[in-house]
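**Student:** The structure follows.
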Amino acid sequence: MTNLPRSVALYICCLVLLAACGTTRPSHFYLLTSLEKTDNPEQDSGPGIIVGPITLPDYLLRPQIALRNEANEIAYEEFHRWAEPLQGNFSRVVAENLSRLLGTSRVSLYPGYKTGSFPYQILIDVIRMDAGSGRQINLVARWSILDRHNDKLLASNKTSVTEPVDRNGYRAIVSAHSRAVSQLSQDIAQVFDSMPISHRTDTPPSTRKVNY
């Protein structure tokens, strides 16, 4: 058989490469979303709250969405990714959720700018957040509410959420992630709302007015 001319062989190689590029799967990018606006209006006079630091386990500090099977093996979906680092997205969604649930616009992310007068700080340590093989999202997190002015722990708890994935596809998986984060936010807001009124002041102890 006669060898093909070099120019023809090169042309065929280019066609093969172009065909391969044309079949590459597109990547999809997702974000967690916050709760829809509630009937509880956000007030500028509400309690000042700093949200964070919020820590995530190292296996979640990757752009790919994490999947966990029954053998506790973690797999990452290369073509389905978070649109930004998950830690930042998670923190902003929790802050927005708390703002809406507690009816205050005075919520800032740690480290907050000009938030020295904010009396409360919420710390969250996420232990687990991934899509399980049983078509559910598992979120486990420990959290605390601090009184910054009095250097006092007001509450400490653990939230475990199993949120079903109600449809096929990664959009449904990410929606279930968002609902799980919303449930965590609701647990924190419920405890915060139940605290005594005496804990809800934005005035540092050294500047409070006392009537005798």
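Computed from the coordinates by the stated procedures, all read-outs in this text should not be read as laboratory data. Everything quoted here is computed from the prediction, not taken from an experiment. Don't worry about glycine lacking a Cβ; one is built from the backbone with ideal geometry, like all the others, and counts go over all protein chains shown.
**Student:** Each residue of region 99-106 in order: what ³J(HN,Hα) in whole Hz does its phi give by Karplus 6.51 cos²θ - 1.76 cosθ + 1.60, θ = phi - 60°, with x for Gly and Pro?
**Tutor:** 4, 6, 5, 9, x, 10, 8, 8
**Student:** While we're looking at this one, here's another question. Between I74 and R142, how many nm apart are label points set 7 Å from Cα along the C-beta direction?
**Tutor:** About 1.8 nm separates the two model spin labels.
**Student:** Using label points projected 7 Å from each Cα along Cα→Cβ, tell me how many nm separate F29 and D58, to one decimal.
**Tutor:** 2.7 nm
**Student:** Figure the gain on full extension for K158 and A172 (residue separation times 0.36 nm, minus the Cα-Cα span) and round it to one decimal in nm.
**Tutor:** Full extension from K158 to A172 adds 2.5 nm.
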